[in-house]
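Beneath this line is the structure, given in structure tokens, with notes to follow.
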Amino acid sequence: MGARKAVKPLRSIAIFGAVGALVAGIALPAFASSKPSEAAPTTLQQLAAVDAQSLVVASQATAAPLNRGTFSATTPEEVAKKKAEEAAAARAAAASTASARFNTAGYALTSPGSGEVRYPLPMGSWNVSRTVGGGHNGADMLAPAGTPIYAAAAGVVRASAESIGGYGVCVMLDSVVGGQRVQTTYGHMIYGSRQVQVGQTVSAGQLIGYVGSTGRSTANHLHFEVWINGGLVEPMSWLSVNAG
């Protein structure tokens, strides 16, 4: 009887010991696998899973430069500066190309004279091939392509476009001369040569474009019209009386 009583406690101790060993064998490897190794590399995703409130970036990380075609910059200020420089260069190139297309050599950029009315082309640069009559409402003033065209009188730009019917590239002005409403039209300019826009105020003799052959035209010339108080007049006679 004494031997049996001694075996029961020993059996209980053995059972508890086996259960403890089993628990340790299962729990310890799982705990070890869930703890990141200090030596192993750690990804941002792993760190986020452990602590969603923190973000760790490797010390080798740098800001990637911004590349947009012809410029490279890393800050908004540098990007804006590069864009401004490129825009200025493009404008300069466009101006250089435009000036090469126009025959500005030897011509003033403002029509000579001091009167209320000026000739729309430099004196001595043109001759008239056709005037009002037979359904033709203006004077055709033949001149080399690119010859400057001037406002015949001060006024406001009523129309300015790259295509106005048969006029082609054209500018139209509303003026008041000697108390009369005067409308002047300048047709067949070179594409891209208009110097004024609708609503703009211009002075007498101001440069407004360059002679071309756009619209219904077969040669380089300025189609020049003059309307006074709504009625068509012969423009060359009007100029000879009023221009100065």
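Coordinate-derived values only; no laboratory data. In this text, all values refer to a predicted model and were calculated from it rather than measured experimentally. Glycine gets a Cβ as well: all are built from the backbone with ideal geometry, and neighbour counts include every protein chain shown.
Let a ≥ b ≥ c be the square roots of the eigenvalues of the Cα gyration tensor of the stretch 151-193; is it rounded (a/c under 1.5), or, if not, prolate (a/b larger than b/c) or oblate?
It comes out prolate by the Cα gyration axes.
Assuming a ≥ b ≥ c are the square roots of the Cα gyration tensor eigenvalues, decide whether the stretch 127-242 counts as rounded (a/c under 1.5), prolate (otherwise, with a/b larger than b/c) or oblate.
oblate
Sorted by average packing, counted as other Cβ atoms within 10 angstrom per residue and highest first, what order do 123-130, 198-205 take?
Taking the mean over residues of other Cβ atoms within 10 Å, the ranking is 198-205, 123-130.
Arrange the peptides 109-115, 132-138 so that the one whose residues have, on average, the most other Cβ atoms within 10 Å appears first.
109-115, 132-138
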